[in-house]
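K.L.:
Here it is, the structure in full.
Please treat every number below as a calculation from the coordinates, not as lab data. From a predicted model like this one, the values you see are computed outputs, not experimental measurements. Cβ sites come from the backbone with ideal geometry, for glycine too, and all protein chains shown count toward neighbours.
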Amino acid sequence: MAKEKKAVKKTAPVKKAAPAKKVEKKEDAAKTYHIAKRASDGKWQVKLASGEIAIKLFDTQAEAIEYAQKMAKNQKGSIRVHSMKGKMRKA
């Protein structure tokens, strides 16, 4: 019995990947907390700039600012307070 040779496919040489660039992850970036009054129930909400839902609700703006300041300090972030007329200020 004669042995048959199997065809071997040649593959292209593998290119070495370029070294990965150091990219800052979103989790590592400084977070911005927004404080605004909700029209639906009149409560003050604290949420992330990139967030769609509130992190926590408060009855007063002062309570919301105090909470957001603690969060921003822990996360090395900042705070933006929205007025009822749509203006924004840093806290």
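K.L.:
If Lys and Arg each add +1 and Asp and Glu each add -1, what is the summed charge of the other residues whose beta carbon sits under 9 Å from the beta carbon of Y33?
P.N.:
Its environment carries a net charge of +3.
K.L.:
For S78, which sequence-distant residues (separation of 5 or more, or a different chain) have an amide H within less than 5 Å of its own amide H, given hydrogens modelled in the peptide plane?
P.N.:
Counting only residues 5 or more places away or on other chains, the set is K31, T32, Y33.
K.L.:
Please report the antiparallel percentage of DSSP beta bridges with both residues in region 32-90, rounded to the nearest 5.
P.N.:
Close to 75 percent.
K.L.:
Along region 63-72, what does the Karplus equation 6.51 cos²θ - 1.76 cosθ + 1.60 (θ = phi - 60°) give for ³J(HN,Hα), rounded to whole Hz, x for Gly and Pro?
P.N.:
Here the 3J(HN,Hα) series is 5, 5, 5, 4, 5, 5, 5, 5, 5, 5 Hz.
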